[in-house]
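The values are calculated or read from the model by the stated rules, or taken from the named source; none is laboratory data. Model, not experiment: these values are computed from the prediction. All Cβ positions, even for glycine, are placed from backbone atoms using ideal geometry, and neighbour counts span all protein chains on display.
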Amino acid sequence: MGLFSRGTDAIGVDIGSYNIKVVQLKKIGDDKYQLTKYGSAPISLEYNMELSPFDRKQLAITSLKKLLIQNKISTKNAVTSVSGNSVIVRYVKFPSLSHAELEKTIQFEAEPYIPFGVQDVNIGFQILGEVTDEGQKKMETILIAAKKEIIQDRIDILQEAGLRPVIVDVDAFALENAFELSSVTQGAEENVMLVDIGALVTNIVIVESGVCRVVRDVLVGGDNFTKALQKNLQVDYSTGEKMKWENGLIMFDEKNMEKSTEDNEDKAQISGIIVNAVKSLIEEIQRSIDYYQTQSEEKIVSRIVLSGGSAKLRNLDKFMSQELHIPVETHNPFSGGKVNTDLFSGGELVEEAPSLVVAFGLSLRREKDIK
Ligand SMILES: Nc1ncnc2c1ncn2[C@@H]1O[C@H](COP(=O)(O)OP(=O)(O)OP(=O)(O)O)[C@@H](O)[C@H]1O
Ligand SMILES: [Mg+2]
């Protein structure tokens, strides 16, 4: 894309349905960065997920403006992203063409693979390499289509908050970028699943030696966990949120250790309700693992790396690992030794880290895009 000129700073702005997150990094050496700014702010203080798109946009603008002022962010260039059901990512084998040739014909070539009208989407692609398909040489390509409407929505939010949009990326690729930088086992041959659980959307990505092999967005997230509590316990949304944050999941060994008191029974009930909602997400994750593994017997997902605000749900990592029989860890994008975080106090940053992963990945985009 090459939209930046050398030396230009940019902030990563993750406009979620629940929170806006910003991250700014400064390059201080080869593959080394300094975290200079970070912050997050809720879209709405009333935890109201039923907002109209117009109201949500206005609240996002107000919240982003506040975030920029509070964190004294003066950089104007911003990289943001889209995800969910207005974006599709497909793996397609196109006839052998050069990058330039495919660029010219992409609208036509992509049409059969896109469930929206081609005139309504922006199309991007990345050629992965040559493959032989039924005796013919083809190019394996990642095809990305995002509705113009949602891209425009993001651009409007940034502009109205006084920023200059330079790239609109896809959450899944930002996750992959973040993972590549912070992964300590970088370069090792392993297949890692990245799962970012937000409020409405969960992004699922399987990364194989630095290449995204599966990209899927599932419309399940923390909002479903809260709604399950709201419905089963007849409480309002913000009480459900509070219960979810304070309680989280109670693991089997904890239940055995604690004496059965009324309070513990309440906790077990809350946990049980959240577990049921979490299980439908786990089924979707399992489906992606199965799909990936049917592509070849050698393809085993060796670990799962969780991020997003909902990755903070207490014991979620342990529970997922127990259900899926795969090690699960929570992502701290600032670990791995490549990002200096000295300007900030450790505890708060570690607490916030999982929900900053997309913004962090976006803030890295400029380096790769300098031409
Ligand atoms: N400590 C916690 N325990 C449980 N859930 C939490 C905790 N902290 C935040 N959450 C949940 O995280 C979700 C918000 O996460 P995040 O900021 O990643 O979402 P988002 O990016 O705004 O949403 P989306 O990507 O779905 O549009 C909310 O559902 C919130 O309740
Ligand atoms: Mg999100």
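Pairs please, first residue from the range 209-237 and among the aromatic types (Phe, Trp, Tyr), second anywhere and in a helix (DSSP H, G or I), Cβ atoms under 6 Å, 6+ apart in sequence or on different chains.
PHE225/LYS244; PHE225/ILE274; PHE225/ALA277; TYR237/GLN230
Determine which member of the set LEU35, LEU45, LEU97, LEU25 is in the same structural domain as GLY347 (by TED's automatic domain parsing) and modelled with pLDDT under 90.
Going through LEU35, LEU45, LEU97, LEU25 in turn, just one is in the same structural domain as GLY347 (by TED's automatic domain parsing) and modelled with pLDDT under 90: LEU45.
Out of the range 28-41, which residues are in contact with a helix residue (DSSP H, G or I) (Cβ under 7 Å, 6 or more places away or on another chain) and of a type outside the set (Phe, Trp, Tyr)? Talk me through it step by step, then tell me what you get.
Step one: list which residues in the range 28-41 are in contact with a helix residue (DSSP H, G or I) (Cβ under 7 Å, 6 or more places away or on another chain), which gives 38-41.
Answer for the range 28-41, where residues must be in contact with a helix residue (DSSP H, G or I) (Cβ under 7 Å, 6 or more places away or on another chain) and of a type outside the set (Phe, Trp, Tyr): GLY39, SER40, ALA41.
Within the range 340-354, identify whether any single residue is assigned to a helix (DSSP H, G or I), of a type in the set (Val, Ile, Thr), more than 17 Å from the chain's Cα centre (by Cα) and not assigned by TED's automatic domain parsing to the domain that holds VAL207, and answer yes or no.
Yes, that holds for at least one residue.
Take the residues in the range 201-241 that are within 16 Å of ligand 2 (Cβ to nearest atom) and over 18 Å from VAL358 (Cα atoms), then tell me which one is surrounded by the fewest Cβ atoms within 10 Å (Cβ to Cβ).
Ranking the qualifying residues of the range 201-241, first place goes to ASN224.
For LEU364, which of the numbered conditions (1) in the same structural domain as ILE15 (by TED's automatic domain parsing); (2) exposed (fewer than 15 other Cβ atoms within 10 Å of the Cβ); (3) assigned to a helix (DSSP H, G or I) fails to hold?
(2)
Against the conditions (1) modelled with pLDDT of 90 or more; (2) farther than 28 Å from PRO42 by Cα, where does GLY198 fall short? Just the number, please.
(2)
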